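*Asks:* Sharing a structure, written as structure tokens. Questions coming.
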Amino acid sequence: MVSFEMDDEQKMVQETVASFAADLMEPAMRESDEKGEVPGEVIAKGWELGLLGGCIPEEYEGFGEQLSALTGVIALEELGWGDLSMAMHLMAPSVLAISVLDQGTEEQKKQYLPAFCREEYKAASSALVEPYYNFCPSAMRAVAERDGDEYVINGKKCLVPLAKESDHMLVFAATNPGMGFSGVDAFIVPVGTKGVEIGDREKNMGIKALSTYPVNFKDCRVPLVCRLGEESGCDFLRLLSRSRLALAALAVGMSRRALEHSRDYATQRIAFGEPIGSRQAIAFMIAEMAIEVDATRLLVWEAAWRCDKNMDFEKEAALAKNYAADMAMMVCDRGVQIMGGHGYIRDNPVELWFRNARGFATFEGMVMV
Amino acid sequence: MTIDFELSPRIKATKNMIHMFAESAIRPIARHYDENEHEKPWDLLNMVQKFMGGGMAGAFGSESKEEKEEGGEAKEKKPRETNLAGAVTIEEIFWGDAGIALSFPGPGLGGAAVQASGTPEQKEKFLARFSGDKPVWGAMAITEPEAGSDTANIKTTAVLDGDEWVLNGEKIFVTSGKSALEDSEGFVVVWATVDRSAGRAGIKPFIVEHGTPGMQITKIEDKMGIRCSDTVSISFMDCRIPKENILGSPEVVDKTKTEGFKKVMATFDATRPLVAAMAIGVGRAALDFIKETLKEEGVELRYGINPHRMTSLERDIMQMEADLKAARLLTWRAVWMLDNGLRNDLQASMAKAKAGLAVTRITQKAVELMGPLGYSREYLLEKWMRDSKINDIFEGTGQIQLLITARRILGFTREQLK
Ligand SMILES: Cc1cc2nc3c(=O)[nH]c(=O)nc-3n(C[C@H](O)[C@H](O)[C@H](O)COP(=O)(O)OP(=O)(O)OC[C@H]3O[C@@H](n4cnc5c(N)ncnc54)[C@H](O)[C@@H]3O)c2cc1C
């Protein structure tokens, strides 16, 4: 029966994450962006929320009952509201953890999952995006060729979060080039493996506090046991779609924050004797921003709900993610516009959201629900 | 409660049934009633009356028969889905054809106003007729030549003379006005002012029965789309109606008290999402047409690849699909809130704003994408483009919906944000 009301657990998760975001993330946002690093304390405290451990069942030392994409997107919206870099840093390990949980073999789950259930933050990385203008996950250029009991990975990756800070990264590469999504596999690669060349930290327009790296794979050999799902491989499109939901949820949260900021400013800033929000040119922008933020959230919820119900959700996730990327840019662009010149100055958060927003079109992987 | 997008089995069953009906009974005659404006599909309308017997009432936000049958107590426990059922049903019927759907008998907006603010006697007297054997229509007349969006500016007057109100003025664009007043024993709810100096507080709705002397249909409009639905001008010249035909209190107590006005405006909280649902039905028809055409041509849509690798066609279609879905979800949320007794004026306007504009764009884009097939009257697509435009106009234009949304978000009054 159709309902738009969260269950009690989701409400609790939302409230907890929302107050964490307001108390710890948002106040640190600007300085963290300028410095190019996320405050360790925020990550430590964020980890204590147990968002990832809460997805992992007890048998793997977690404290969750069931992985829920819907609960995940609700939490991520709040994190996105707080700060995108910190949210992505905090949740970067989710790609490896949730991929293993969703599609790993029993041995892989036992081996990798407990590390994410400890008290201390455990970094983990993932490598999906490639440094080409026309990069597409269905036409991956990185390849993994089978050679006996090993795979040999070759190719270039970028936007690899926390590559240097992690012990493992989940690397996506084509085992059957030309086969689209179904020709892609994932490999759990120890960061120190020979042939993994991590470059200097990237300099991006936005998410400046999140450390991301270019990574080259040159004849990087990993044993079959490192292949996600081992002999049976994985459903890459499903994993990609789970990450699209996560990214879309972050976009909703950040855009909601930008909307609230614009709303407040529009009621306070006086021009020609009246608050600028009393002019339709501004008011209508704000109305459309509000409509689109809500619309996107509902698209994300519906896709996540389908995922949890074991229905096909890949198409819905793709639509939601693309929609979210456009929405975020529209909302944050207007956020700057509504502040006029002040929006262009780095004192104001809209400047930061504007830079962050464009990233969603480019990001794939990086976080997962 | 938990977030859920699965329709209940009951609504699903209705939806399937209505869809079959729309496909088999409405679609085949859609073109005829577009090309032959002012004709009515009487066979269909009689059948609709027989099978739904005022059932479209639910479709217009009023608590139809079903509610009454469920009884007062049971109602408390069982979650209500009346408005959601209405939205789902409307989408299916309008998928069939918007013009014909709008011509269906039922209480319409006028009946919704009676339902929302009428006394028990008024409800009994005016609403019972819709569940009879013969089709009956209700209509609502707010708009005037000089007052559309600005409803507070209406000039039609109502003056109490003994036991009667005397109405004078001119109304335009009354949906189903002819159906209500000439083709059936219906009525029209007319908005008039009892005291112009009182502004909004002076505006009251009055029920005027068919055949009342002094009321005359002066024009039947020829339109761009939804041609099967009659849209008329009505003039009132010393039109006398019984004193008790006023909806709500006749008092203009004080200018800040606009309760009656507000109550009728509140019917829009129920009807706006339904207009959104109408739009969505037409939008879906257009999208279905595109997809079927592409399928016949062997064109595959590659969901999930990066947008900059898509063909322009794929990108457009995916945008349309996401927009349509977003509009539907916003609409469902608005009716779900209503079903659950939550204030939904903001969400109702958001849904209407989104759906009205999205579907106008979707159908226009669809005609473009289908090239000569889109432009040809051989197919219904061009009709859907004409039909859908109305959804961004009536029941409050897109701009008015944005205005309401913005006021609520910004916390501004209508004086602060005009
Ligand atoms: C087919 C059809 C059926 C209809 N059915 C009914 C019916 O059953 N009953 C009934 O009473 N009416 C009905 N209407 C009337 C309809 O509700 C009005 O046409 C509509 O509300 C707009 O009013 P208007 O045409 O006077 O335009 P106007 O109010 O003159 O608006 C003109 C333009 O200005 C914009 N505008 C107006 N005010 C503002 C503002 N404050 N801020 C920004 N922009 C603004 C509008 O959005 C619009 O774009 C119907 C109309 C049609 C075409």
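Read-outs throughout are calculated quantities, based only on the coordinates presented, and are distinct from any laboratory measurement. Because the structure is a prediction, the values reported are computed rather than measured. Because the Cβ atoms are built from the backbone with ideal geometry, glycine has one as well, and the counts that use them run over all protein chains shown.
*Asks:* So if I place +1 on the C-beta of Lys and Arg and -1 on the C-beta of Asp and Glu, and nothing else carries charge, what would the dipole magnitude of the protein assembly as shown be about its Cα centre? I want it in debye, nearest 20.
*Replies:* Roughly 1440 debye for the protein assembly as shown.
*Asks:* May I pose another question? Which percentage, to the nearest 5, of the DSSP beta bridges contained in chain B is antiparallel?
*Replies:* Counting DSSP beta bridges with both partners in chain B, the antiparallel share is about 80 percent.
*Asks:* Take every DSSP beta bridge whose two residues both sit in the protein assembly as shown, then give the antiparallel share in percent to the nearest 5.
*Replies:* 85
*Asks:* If you plug each phi of segment B:232-247 into the Karplus form 6.51 cos²θ - 1.76 cosθ + 1.60 with θ = phi - 60°, what whole-Hz ³J(HN,Hα) values come out, in order, with x for Gly and Pro?
*Replies:* Rounded to whole hertz, the list is 10, 9, 10, 10, 10, 10, 6, 7, 9, 10, x, 4, 7, 7, 7, 9.
*Asks:* So for A:D308, B:D97, B:D222, fewest C-beta neighbours within 10 Å to most, what's the order?
*Replies:* Neighbour counts put them in this order, fewest first: B:D222, A:D308, B:D97.
*Asks:* Something else about it: Report, in listed order, any pair from A:K321/B:K325; A:K45/A:K321; A:K122/A:K321; A:K156/A:K218; B:K123/B:K243; B:K325/B:K383 with a Cα-Cα distance greater than 18 Å.
*Replies:* In this structure, A:K45/A:K321; A:K122/A:K321; B:K325/B:K383 lie more than 18 Å apart at Cα.
*Asks:* So what are the ³J(HN,Hα) numbers for segment A:24-38, from phi and the Karplus equation (6.51, -1.76, 1.60; θ = phi - 60°), rounded to whole Hz, Gly and Pro as x?
*Replies:* Going residue by residue, I get 10, 6, 4, x, 8, 4, 5, 4, 5, 5, 5, 7, x, 8, 8 Hz, with x marking Gly and Pro.
*Asks:* Relative to the first principal axis of the alpha-carbon coordinates of chain A, what is the inclination of helix A:236-268, with its axis defined by its Cα atoms, in degrees from 0 to 90 and to the nearest 10?
*Replies:* Computed tilt is about 20 degrees.
*Asks:* For the charge dipole of segment B:264-410, defined by +1 on Lys and Arg C-beta atoms and -1 on Asp and Glu C-beta atoms about the Cα centroid, which residue among B:L330, B:I400, B:A358 has the Cα displaced farthest towards the positive pole?
*Replies:* B:I400
*Asks:* What does the helix-only formula give at 222 nm for the protein assembly as shown: each DSSP H stretch with n ≥ 4 adding -39500 (n - 2.57), the total divided by the residues, and the result rounded to the nearest 500 deg cm²/dmol?
*Replies:* -15500 deg cm²/dmol
*Asks:* Now, a different point. Mind checking which lysines have their C-alpha under 18 Å from B:K389, skipping anything on the same chain fewer than 8 residues away?
*Replies:* Answer for B:K389, where 18 Å is the Cα cut-off: B:K223, B:K352, B:K354, B:K365, listed by chain and number.
*Asks:* Would you mind giving the mean number of other chain beta-carbons within 10 Å of the Cβ of each residue in A:294-303, as a whole number?
*Replies:* 6
*Asks:* Please name whichever of A:F135, A:V215, B:T157 sits farthest to the positive end of the charge dipole of the protein assembly as shown, dipole taken about the Cα centre and charges placed at Cβ: Lys and Arg +1, Asp and Glu -1.
*Replies:* Going by the Cα projections, it comes out as B:T157.
*Asks:* Right, something else. Using only the Cα atoms of segment A:8-117, what semi-axes does the equivalent ellipsoid have when each is the square root of 5 times a gyration tensor eigenvalue? Give whole Å, largest first.
*Replies:* 26, 16, 11
*Asks:* Also: Need one word for the protein assembly as shown: rounded, prolate or oblate. Basis is the Cα gyration tensor (sqrt eigenvalues a ≥ b ≥ c); a/c below 1.5 gives rounded, then a/b vs b/c decides.
*Replies:* prolate
*Asks:* Measuring from centroid to centroid over Cα atoms, what is the spacing of segment B:348-362 and segment A:137-166 in Å?
*Replies:* 44
*Asks:* Right, something else. Within 10 Å of each Cβ in B:329-341, how many Cβ atoms from other chains are there, averaged over the peptide?
*Replies:* 3
*Asks:* Another question, if that's okay. Relative to 2.2 N^0.38 Å, what does the C-alpha radius of gyration of segment A:125-232 come to as a ratio? Two decimals please.
*Replies:* Expressed relative to 2.2 N^0.38 Å, the Cα Rg reads 1.02.
*Asks:* While we're here: On the Cα set of segment A:236-361, report Rg and Dmax in Å, please.
*Replies:* Answer for segment A:236-361, Rg first and Dmax second: 16.2, 57 Å.
*Asks:* I would also like to ask the following. Between segment B:211-231 and segment A:31-95, how far is it from one alpha carbon centroid to the other, in angstrom?
*Replies:* 61
*Asks:* Helix B:9-21 against the longest principal axis of chain B: what's the angle in degrees, Cα atoms only, rounded to the nearest 10?
*Replies:* Tilt of helix B:9-21: around 80 degrees.
*Asks:* While we're looking at this one, here's another question. Please average, across the residues of A:280-287, the number of beta carbons from any other chain that are within 10 Å of each residue's own beta carbon, and give a whole number.
*Replies:* 6
*Asks:* Using only Cα atoms and rounding to the nearest 10 degrees, what angle (0 to 90) does helix A:69-82 make with the longest principal axis of chain A?
*Replies:* Helix A:69-82 sits at roughly 50 degrees to that axis.
*Asks:* Once you list every other residue whose beta carbon is under 14 Å from the beta carbon of A:T362, what net charge do they have if Lys and Arg are +1 and Asp and Glu are -1? Display every interim value, and only then the final one.
*Replies:* Working: positive: A:K157, A:R244, A:K321, A:R355, A:R358, B:R309; negative: A:E130, A:E202, A:D326, A:E364.
Net local charge, A:T362 excluded: +2.
*Asks:* Something else: For chain B, what size does the Cα cloud have along each of its three principal axes, sorted from largest down, in whole Å?
*Replies:* For chain B, the Cα spread along each principal axis is 73, 47, 45 Å.
*Asks:* Then there is this: Given H placed 1.01 Å from N in the peptide plane, which residues other than close sequence neighbours of A:V191 have an amide H under 5 Å from its amide H?
*Replies:* Result for A:V191 returns A:H168, A:M169.
*Asks:* Could you give the size of the charge dipole of segment B:138-256 about its Cα centre, using +1 on the Cβ of each K and R and -1 on the Cβ of each D and E, expressed in debye and rounded to the nearest 20?
*Replies:* 320
*Asks:* How long are the semi-axes of the ellipsoid equivalent to segment B:140-253, from square roots of 5 times the Cα gyration tensor eigenvalues, in whole Å, largest first? Let's see the in-between values first.
*Replies:* Details: eigenvalues 110, 55, 22 Å².
Equivalent ellipsoid of segment B:140-253: 23, 17, 11 Å, largest first.
*Asks:* Please report how far the C-alpha centroid of segment B:158-203 lies from that of segment B:90-157, rounded to the nearest whole angstrom.
*Replies:* Cα centres, segment B:158-203 to segment B:90-157: 13 Å.
*Asks:* With 10 angstrom as the radius, rank A:Y151, A:Y121 by how many other C-beta atoms surround their C-beta, starting from the fewest.
*Replies:* On the way: A:Y151 23, A:Y121 18.
Ascending Cβ contact count within 10 Å gives the list A:Y121, A:Y151.
*Asks:* So what's segment A:274-335 giving for Rg/Rh, alpha carbon basis, Kirkwood Rh from the mean inverse pair distance?
*Replies:* My calculation of the ratio gives 1.17.
*Asks:* Arrange the following residues from fewest to most other Cβ atoms within 10 Å of their Cβ: A:D185, A:D333.
*Replies:* Fewest to most other Cβ atoms nearby, the residues stand as A:D333, A:D185.
*Asks:* Where the only charges are on Cβ atoms (+1 Lys, Arg; -1 Asp, Glu), what is the dipole of chain B about its Cα centre, to the nearest 20 debye?
*Replies:* 1120
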